[in-house]
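The values are calculated or read from the model by the stated rules, or taken from the named source; none is laboratory data. Remember, it's a predicted structure, so these values are computed and weren't measured experimentally. Cβ placement follows ideal geometry from the backbone for every residue including glycine, while neighbour counts extend to all protein chains displayed. These accessible areas exclude ligands, DNA and RNA; they are computed on the full protein's heavy atoms, side chains included. Shrake-Rupley method; radii C 1.70, N 1.55, O 1.52, S 1.80 Å.
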Amino acid sequence: MKIFPSKIQLDILKRHVGPFIFCFVTVMFLLLMQFLILYIGKLISKGLPALIILKLIVTNLAYMVVLAGPMAVLVASLMAFGKFTELNELTALRAAGVNPIHVINPVLIAGFLLSVFMFWFSNDVLPNANQRARSLFLDIRTKKPSFNLKANEFYNGINGYTFLVKRMPSDSDSLYDITLFQEPSAHRNEAVIKAKRGYLKSNNPETLTLYLYNGSIMRSFYRQEGDKITERSKFHRYRISFDISAMKFSQSKSNRDSRNDRTMNIQSMHAVVDSLQHQIKDETNNVSKKHTFITNNHGKKKKAHLFNQNTPSKRKTNHPYKSKYLLLQLAPTRSQQLELYQTAISGLRDYHSSYQNLKVNTDWRVNRIAQFWVEIYKKFSIPLACMIFVLIGAPIGMYTKNGNIGIAALIGTGFLTFYWLSLIQGEKLADRGVISPFTGMWLPDIILAVIGIIMTLQMCTPFRISKLWNNRDA
């Protein structure tokens, strides 16, 4: 038994390097372009420093690495093993009595090592990168480094004012059909300002000026008696300035922000899950103890209190009601029956309220636990896909007998589409509690692993899945 890989094994590994790097870079580029298309326009329009935009892009590259890794493994396996078969090297190996599994083994080991690296990356690097990206997005959103108006949407980014603009042509800076709601303060009265046209101009980073034309102002005053007076005036040209010094961008420290399931590692999520489970158990026990008679002595004391014979009756005719309930029959007077009835109703209402609160809190905690388990399983299932895609790509590459990128891309796209759609839908269903987190995150891996193992066995052994049906018929 040879300890070191043979020459053909090293050669097949080398053939994976080029396609893997090419596919990895291509997928990263496509994901980066998707991110830029979604956000770069908004980021540039806010006047952010170039360094902040670059930092935001770099922190978002982490999740792209996790997605691109398994994709590159599948395409590289399809191309490398397809080329291996195209050159009739597989035929020569079989003629020499060498099992093709010996060629797949080193690639499978490389896939395992890549899975270990991807798991470390997903658990240690990705959460911190997601936290930094989230922190930057929050800073951009809360600090609002520029005035970001949208047509037919209320905007209250400036303290004390709410804007509504009906039309904003993209080819000019003009605003049309403007409504500005001015909140009252110590220096200004409540007002509603309307104008047919206007535009915004910033002379310095801390001041923004709004110029309005052909409009009206409705101001509200309050007399000392408390009466409200509304005054309306028209204007041809009006100017109002806003202090936007608080909107200047400043980057906060990411460790100050609370973390969610996407910004935590497995150890932290396990701690949160344990805490939520203990909270469910403690709250359930508290509700159970609150609404349960612990001992018979407690019940006897309650009964003695309600049915105290020394309690004077208001009238001799205060006979008890006839009731089908045994406890009410034991009450000697009608007033004591009513007292017992009111006590029971109050207890039931209290129990119903406690039960409803328990149900709401428990459902919320159960959903949170499911979301954390989804992320925990995801950190295992996606890295493991690197090994699974070797089992898929190697036999298919040998079957295709063609190492060109067209066939590799076509077949790879089909499997990748199935995998990622199943993973995304599984995550959504698991988060909603429709299926278990384990099923949602592991079912795509299990299905592809079974397919890959069957195809590898058919390629490397006499095993044929059709024989199972033939033997059963026999």
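Residues in the range 114-156 that are among the aromatic types (Phe, Trp, Tyr) and either more than 20 Å from Gly41 (Cβ to Cβ) or modelled with pLDDT of 85 or more (or both): Phe117, Phe119, Trp120, Phe121, Phe154.
In the set (1) under 45 Å from the mean Cα position of the chain (by Cα); (2) open to solvent by less than 100 Å² (accessible area, probe 1.4 Å); (3) modelled with pLDDT of 90 or more, the condition left unmet by Ser245 is number (3). Remark: pairs (first residue in the range 22-34, of a type in the set (A, V, I, L, M); second residue part of a helix (DSSP H, G or I); Cβ separation under 6 Å; 6+ apart in sequence or on different chains) = Val27/Ala68; Val27/Met71; Met28/Met64; Met28/Ala68; Leu31/Met64.
The residue pairs whose first member lies in the range 441-457 and is farther than 17 Å from Pro383 by Cβ, whose second member is in a helix (DSSP H, G or I) and open to solvent by less than 10 Å² (accessible area, probe 1.4 Å), and whose beta carbons are closer than 8 Å, counting only pairs six or more residues apart or on different chains, are Ile451/Ile392; Met455/Ile392; Met455/Pro395; Thr456/Ile104; Thr456/Ala394; Thr456/Pro395.
Restricting attention to the range 94-108, which residues are of a type in the set (A, V, I, L, M) and open to solvent by 20 Å² or more (accessible area, probe 1.4 Å)?
If we filter the range 94-108 for residues that are of a type in the set (A, V, I, L, M), which is where we start, we get 95-96, 98, 101, 103-104, 107-108.
Listed by number, the residues that qualify are Ala95, Ala96, Val98, Ile101, Leu108.
So, in the range 368-422, of the ones that are basic (Lys, Arg) and at pLDDT 85 or above, which residue ends up surrounded by the fewest Cβ atoms within 10 Å (Cβ to Cβ)? The residue in question is Arg368.
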